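What follows is calculated from the coordinates using simple rules that are stated; it is not laboratory data. Since this is a predicted model, take the numbers as computed values, not measurements. Glycine gets a Cβ as well: all are built from the backbone with ideal geometry, and neighbour counts include every protein chain shown.
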Amino acid sequence: MADDFYAFNTPDPRIGPREKAPMSPEEQAWAHERGAVHQTGWLQILLFPLAVGSFVPALFFFIGLAVWRGVADDFNPDDAMAGSVGWLIVATLLFVGGWALYNGLHGKYSRLKRYWREMPGQGVVELEHHRLLSGISLWSNDYDPDISTISLWIDGRMQVVPDSGVSEWLLARTAAGHWLVLRQNYPGHFSYDKPRLPDPDKRLKPSQELSIALAPGTNIALGQRHSGEPLPLVQTLYWLTRPEQQRLNEIAHHWTFFYPDRYGVVNAQDADWVEGLVARAQLQHFVPN
């Protein structure tokens, strides 16, 4: 799991050349947002060395005393303690200092941390282009009390707002013959009552020309660029079941996936399942435009 996290968040040499473009302010804000979780501060450098490292040498020291006492007939605990306290203090300082030094060097020179420290300031994204032919919108309600806020670009800046748990899913057919999945989370206050849809003017309004802005060399999306004519969109009131949402989240390739998978693009082996989901949404909860 840790290896997957590292690999997904660092450039993958298997990803081929993609078009480069200057970051928009929103994309640069998302780059800083993504990169913040990878930066190392003094708290991360010192917390575990001080909290744990201060006791490790003493633990081994007392284990050693117990072993010595078990094998030596002339063991004298007072003499052992008197002659070892100074060395124990020195060993503890060296252990804590060495651990903290390692954390600091790792935070400065790690490939992962260096990439996310430098990349936002370079101001460049890579683009993957899609031409969308038609789409359908579905809904999910997946509130997580442990993560009760979301970050959104509002009024020209990144803001942390309450998470309503409501998400809109766009399933679009592309000119290349694939299904492409996009998701939009909506702010608001969670309620155990029937979830409310966002106002129509706040819902997704995709266009036929879509470019996914990605962190260079990775599959991490930093934004979406829409252009061209509005996408013909079927709006529904279909609410995904928990199994449907889990499956869609897995095959949508939004997080922790690797080449040759692409962001948002459903693989061919999962297309039949998506088409079945679309058919259920249209037949059971169709809302004319």
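Side notes on the structure shown:
- Note on residue 194: aspartates and glutamates with a C-alpha under 13 Å away, same-chain residues under 8 apart excluded, are 142.
- Listed values [x] 1.40; [y] 1.02; [z] 0.94 include one computed from this model; for Cα Rg over 2.2 N^0.38 Å that value carries the label [x].
- Three-way shape call for the stretch 125-287 based on the alpha-carbon gyration tensor, with the a/c threshold at 1.5: rounded
- 222 nm mean residue ellipticity, helices alone, for the chain (DSSP H n ≥ 4; -39,500 (n - 2.57); rounded to 500): -13000 deg cm²/dmol
- For the chain, the dipole from Cβ point charges (+1 on Lys and Arg, -1 on Asp and Glu) about the Cα centre works out to 680 debye, to the nearest 20.
- Helix axis angle, 242-251 relative to the chain longest principal axis, alpha carbon, degrees: 80 degrees
- Each of 180, 214, 133 was scored by other Cβ atoms within 10 Å of its Cβ. Listed from fewest to most, they are 133, 214, 180.
- The separation of the stretch 96-122 from the stretch 238-286, counted between C-alpha centres, amounts to 37 Å.
- Overall form of the stretch 117-159: oblate. Here a/c, set by the Cα gyration tensor axes a ≥ b ≥ c, is 1.5 or more, and a/b is not larger than b/c.
- Percentage relative contact order, the stretch 153-289, counting C-alpha pairs under 8 Å, at least six apart: 22 percent
- Charged neighbours of residue 15, selected by a Cβ distance under 14 Å, balance to -1 (K, R count +1; D, E count -1).
- Of the peptides 31-39, 182-190, the ranking by mean beta-carbon count within 10 Å, highest at the top, reads 182-190, 31-39.
- Degrees separating the helix 42-51 axis from the principal Cα axis of the chain, which is the longest one: 40 degrees
- Surrounding net charge for residue 108, when Lys and Arg each add one and Asp and Glu each subtract one, Cβ distance under 13 Å: +3
- Taking a sphere under 14 Å around the Cβ of residue 183 and counting the other residues whose Cβ falls inside, with K and R at +1 and D and E at -1, yields a net charge of -3.
- Entry note, the chain: relative contact order of 22 percent, from Cα contacts under 8 Å with a spacing of 6+ residues.
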